[in-house]
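Chemist: One structure coming up, written as structure tokens, with questions to follow.
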């Protein structure tokens with residue numbers, strides 16, 4: 001049951017990340033500079049809370065499944081989903097801070113470039129989530 005919960009939460013993380021990468025971010029970039037920035041602020045805060053929690057929970061359940069079964073794939077999947085935390089802190093958060101420092105009335109080409117960079121970095125989170133979910137799926141199939 002621990003492994004299936006790890007798979008479920010990693011899959012939800014991946015689904016949310018892919019939605020942001022493939023739907024929300026491109027739509028945001030069709031807005032004018034000010035509107036794109038204004039939309040990004042609450043969207044990112046809510047998304048961060050959800051995805052940070054899902055990554056942590058999935059990692060803990062994956063580690064628990066590894067401890068319970070001894071199958072290294074559970075541990076590998078747990079490590080990969082948890083990698084979202086340091087990846088976000090090291091690469092995404094510096095861009096977030098720059099974006100949050102821009103006042104909406106000052107939005108322009110620089111903030112648009114930062115939003116583009118943020119989107120590319122967020123795609124890395126999508127990749128980590130998808131990889132973890134795939135590994136958990138394989139591990140679940142081995143049981």
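Chemist: For the list (1) over 18 Å from the mean Cα position of the chain (by Cα); (2) over 21 Å from residue 22 (Cβ atoms), I need the number of the one condition that residue 36 fails.
Modeler: (2)
Chemist: Can you find even one residue in the range 8-29 that is farther than 18 Å from residue 131 by Cβ, modelled with pLDDT of 95 or more and not in a helix (DSSP H, G or I)?
Modeler: yes
Chemist: Mind checking which residues of the range 107-126 are more than 20 Å from residue 45 (Cα to Cα) and part of a helix (DSSP H, G or I)?
Modeler: Within the range 107-126, 109, 110 qualify.
Chemist: Checking residue 55 against (1) free of Cβ contacts under 8 Å to residues at least 60 places away in the same chain; (2) under 17 Å from residue 129 (Cβ atoms), which single condition isn't satisfied?
Modeler: (1)
Chemist: Condition test on residue 57, is it under 24 Å from residue 38 (Cα atoms) and in a helix (DSSP H, G or I)?
Modeler: Numbers: under 24 Å from residue 38 (Cα atoms): no; in a helix (DSSP H, G or I): yes.
No; evaluated as a whole, the condition is false for this residue.
Chemist: State which residue is surrounded by the fewest Cβ atoms within 10 Å (Cβ to Cβ) when the search covers only the range 69-103 and only residues that are touching a residue at least 60 places away in the same chain (Cβ under 8 Å), over 16 Å from residue 131 (Cα atoms) and in contact with a helix residue (DSSP H, G or I) (Cβ under 6 Å, 6 or more places away or on another chain).
Modeler: Here the residue is 71.
Chemist: I need a count of the residues in the range 115-133 that are touching a residue at least 24 places away in the same chain (Cβ under 8 Å) and surrounded by fewer than 17 Cβ atoms within 10 Å (Cβ to Cβ).
Modeler: 2
Chemist: Follow-up question, since we're still on this one. So, residue 37, is that one surrounded by fewer than 19 Cβ atoms within 10 Å (Cβ to Cβ) and at pLDDT 95 or above or not?
Modeler: It is false that residue 37 is surrounded by fewer than 19 Cβ atoms within 10 Å (Cβ to Cβ) and at pLDDT 95 or above.
Chemist: Can residue 72 be described as out of contact with any strand residue (DSSP E or B) (no Cβ under 8 Å at 6 or more places or on another chain) and closer than 30 Å to residue 104 by Cβ?
Modeler: So residue 72 fails the test.
Chemist: Can I ask one more? Which number in (1) closer than 25 Å to residue 141 by Cα; (2) in contact (Cβ under 8 Å) with a residue 24 or more places away in the chain; (3) in contact with a helix residue (DSSP H, G or I) (Cβ under 6 Å, 6 or more places away or on another chain) marks the one condition that residue 21 misses?
Modeler: (1)
The values are calculated or read from the model by the stated rules, or taken from the named source; none is laboratory data. Predicted model, so just to flag it, every value in this text is computed and none were measured. Because the Cβ atoms are built from the backbone with ideal geometry, glycine has one as well, and the counts that use them run over all protein chains shown.
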